[in-house]
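Written below as structure tokens is the structure these notes are about.
The values are calculated or read from the model by the stated rules, or taken from the named source; none is laboratory data. Quick caveat: nothing in here was measured; it's all calculated off a predicted structure. Note that each Cβ is placed from the backbone with ideal geometry, even for glycine, and that neighbours are counted across all protein chains shown.
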Amino acid sequence: MATGTYFIRSCPTCGRTLEIRVELLNRQVECSHCHGTFVATEIEERSISDLRIEQALARTQQFLDSSHAESAAGKLG
Ligand SMILES: [Zn+2]
């Protein structure tokens, strides 16, 4: 069932998006764009992007909180 399944990984050398076969996970692969080689780790990449998303969400929430507070203060003042 897993035949033909790919995961997305960006090349650390040229930064372009690659489709890597799941069979090559945690193995050394060659970028089809720049021919640079790297180990295709999916988990590390995902945890990094999850962290970035959490940080971005936290920042957005802080911004919303502060703008709410300002507009409420403006109406009162
Ligand atoms: Zn590349």
The stretch 52-77 - residue that is under 18 Å from the mean Cα position of the chain (by Cα) and of a type outside the set (V, I, T) and, of those, modelled with the lowest pLDDT | R52
Is it fair to say F7 is in contact with a Pro (Cβ under 6 Å, 6 or more places away or on another chain), surrounded by 11 or more Cβ atoms within 10 Å (Cβ to Cβ) and at pLDDT 75 or above?
-> no
Would the stretch 24-46 turn up any residue that is at pLDDT 90 or above and in a helix (DSSP H, G or I)?
-> yes
Quick check, is S49 of a type outside the set (A, V, I, L, M) and modelled with pLDDT under 80?
-> yes
Tabulated pairs, the stretch 1-25, first at negative phi and within 10 Å of the ligand (Cβ to nearest atom), second at pLDDT below 90 and among the charged types (D, E, K, R), C-beta under 9 angstrom, 6+ apart or interchain = S10/E45; T17/R9; L18/R9
